[in-house]
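Okay, so here's the structure we're looking at.
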Amino acid sequence: MRRSVAAVWAALVLLAACWCGGWAGTAGAVPPSAPFAAYQYGTDGCLEVGARDGQPKPYAAPAGYDPTAGYPAFGYDPVALGFTATGGTNACRYKFYDKDPRTDPTAVYIASGYCVQYAAGQLSGTGYDPQDAAPVRNAGYVRRILAAYWPSSALPSVPGAANPTVANRQRSGAVAMAVHWFSDGIVMPPDYQVPALYASVKEVVDGALAAGPLAAPADPTPALDGPAGGDAQDLVGPYTVGANAVGPVTVRIDGAGVGAYTDAAGTVPFTSGDTLPPGGQLWLRGPAGPVVLHAEGPVRAEIGTYVAGDPAVRVQSMVLATAVTLTGKSERTLTLVAGDPPRLASQVSATVLTSGDPVFDRVDVAGLRGPATLTATLYGPLPVPDSGDCARAGWEAVAVPVAAAFAPIRLTGDGRTVVPERDTGETGCFSFGTELRPDGGDPVNLLPGDPAETFRVDPREVPPVPALTTRASASTLPAGGEATDTLTVTGVTAGSTVHLEPTLYGPLAPAGDGGCAGLDWTAPGLPVAARLAPHDLTADGSVTTEPVRLERDGCYSFDTVMTHTVLTGGQEPVGHGVGSPEETIRVLGGPSPSPSPSPSPTATATATAGPSASPSPSGAPSSAPAPSASPAPVPPLAGTGAEGLGTVLAGAGALVLLGAVALLSARRG
């Protein structure tokens, strides 16, 4: 988004339209807003990385890590490298639809993308818009990965390549974890359960480092080219709209008393809200004051395009893994004033950043009649106000700290100058300030504190570690006793939700020693004793299920499927607890079950082991845990009547045979 200087400097920033008509700048993307260009819903391939109980957890590299030093080798020592253990998750490739599938059944899957914010959370159904700048650490290497690896190619190599479904899951997860190395410093566990997949992630990182960073894709928002302003009541332009668009562009004009025209003579009016073809032109005329041009239209978003989510929802930002045409939104501000000094307008690349993210400033100069020197300074940090608005941080103070002074830039005419990008470090409020000193003329200043120039740097938090612990109310019960399960969740971040769906399975026949240890709880068709009410938690805490009366002898076990919005990939359902000692109950007395199911020999292992539930982005109740092997059929339970059916049929057959013999004897007699 482009914004002009504050009104206090408006009198200093005038130039007639004829002086600036030859200069062309570009528009800036606006914050995401409804209707959105695309909606993230569900996943297209995930890899478990510490998502389950007992699986090795990933690590976070320390602040200031250098990703170009290479990916750690399998078996690395996290303590020696200064790495910190973090929460496990599902590393995924995400689906984007043209409409919200939650409300529109005609929604179509149009593209996929990868997360570039490991700890920002994920919520299916969130709207996203393309942006013209990517505040992503090591964005060039991330773009290199997207251009060279899955789904752009059949790389990296994965152990499950022979099975298309497994290969998609493994490649998507490997690429996602490689992206997180560059964007967040997240590294696979040194003892990951499938070493070949660790090698797949390292293959992607090493390949990107060897190839080098890739330049940013073309602007995915409609271009707005033209002068930074002009004389009040003069015809100012032309403004070329959406030269990069692939269809009609809707243009809105905000400015009191401002008229728009489609010809240089100002005789063919244009109505705000109408459309122009790609590359259409406008001229403006109006009183002194700011004018904002808004453009919205279809533009091709190439692979590597940065997309930001609805700001009303705490979700991760993403980059597109496939090219797609999206409705981009852009705007630019110009100033109509009386006077003829040079004009300055500028816009910082992002208003909220995380420590370590890059930032730069764009400065537009108009009305310059000769050589000049442009000097930019970065001020700060100042404490963040309670409101979080850094424009109110107290920039009017006499002594404002200086974070960086940039080298002077010589200018010979109007145009856009980009202040060099630099990585943020300290947290707090910052603001760019700019001085334009024409040779032989008075300086024009943009003072720090203008809302278009201020930004906030937040600390880079250690990713949360969501965890679920469960415990049954008893380990043994007499027949007729009641059991509950207590579910305790920790690591829930503000604005996130954890969804729990508990189920009680059983009964299974006890083991030979009469206990429940060693039973196979992964077999298909496990008997379900009760499906219990789901629970949603928005903070750390515990809940207890409703009681279940257990009348039959045998072994029972609780299992809870958890989904969450805390971390990326959290909406992939994961079961917890089935078969664990804390969740197993031995019921004594009552009818007995038949022997427990015994699995047949296991099939070829994949990256995911143990019980898992069917993916359900909406958090719908999941089915019983899926097996990691192909078990034999479950024998019928005692007490159902099925176990005596053979005896009854045998007796009936004998009676029929005796009757037939008697009838034959009577006829012979």
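Within the stretch 490-523, which residues have the backbone N less than 16 Å from the label spot 7 Å out from Thr476 along Cα→beta-carbon, could you tell me? Those under the cut-off are 510-517. In this calculation the C-beta distance from Thr417 to Val465 is compared with R0 = 51 Å, giving a FRET efficiency of 0.70.
From the largest down, the stretch 188-294 spans 71, 27, 23 angstrom on the principal axes of its Cα atoms. The Cα center of the stretch 76-126 and the Cα center of the stretch 447-520 differ in position by 20 Å. Note that the stretch 38-211 shows a convex hull volume over its alpha carbon atoms of 123 Å³ per residue. Could you work out the local net charge near Asn244, counting Lys and Arg as +1, Asp and Glu as -1, over the other residues with Cβ closer than 13 Å to its Cβ? Around Asn244, the charge tally is -3. Residue order for Phe558, Phe83, fewest other beta carbons within 10 angstrom first, comes to Phe83, Phe558. Sorted on the mean count of surrounding Cβ atoms within 10 Å across their residues, most packed first, peptides 408-415, 564-571 read 564-571, 408-415. For the stretch 295-364, the alpha-carbon coordinates run over 48, 33, 23 Å along the three principal axes, in decreasing order.
Stretching Ala404 away from Thr68 to a fully extended chain increases their span by 118.4 nm, per 0.36 nm per residue minus the current alpha-carbon distance. Here the peptides 324-337, 359-372, 133-146, 378-391 are ranked by packing, the mean other Cβ count within 10 Å, and the order with the highest first is 324-337, 133-146, 359-372, 378-391.
Relative protection proxy for 210-216, 575-581, from highest mean packing down: 575-581, 210-216 (other beta-carbon atoms within 10 angstrom).
Given axes a ≥ b ≥ c from the Cα gyration tensor, I'd like to know whether the stretch 397-479 is rounded (a/c under 1.5), prolate (a/b larger than b/c) or oblate. Since a/c reaches 1.5 and a/b is larger than b/c, the shape of the stretch 397-479 is classed as prolate. Karplus-based coupling profile of the stretch 88-102, in residue order and whole Hz: x, 6, 9, 8, 10, 9, 9, 8, 10, 10, 6, 9, 6, x, 5, with θ = phi - 60° in 6.51 cos²θ - 1.76 cosθ + 1.60 and x standing for Gly or Pro.
Every number here is computed from the coordinates shown, using simple stated rules; none is lab data. Every value quoted in this text rests on a predicted model; they were computed, and no experiment measured them. Cβ: placed from backbone, ideal geometry, glycine included. Neighbour counts: every protein chain shown.
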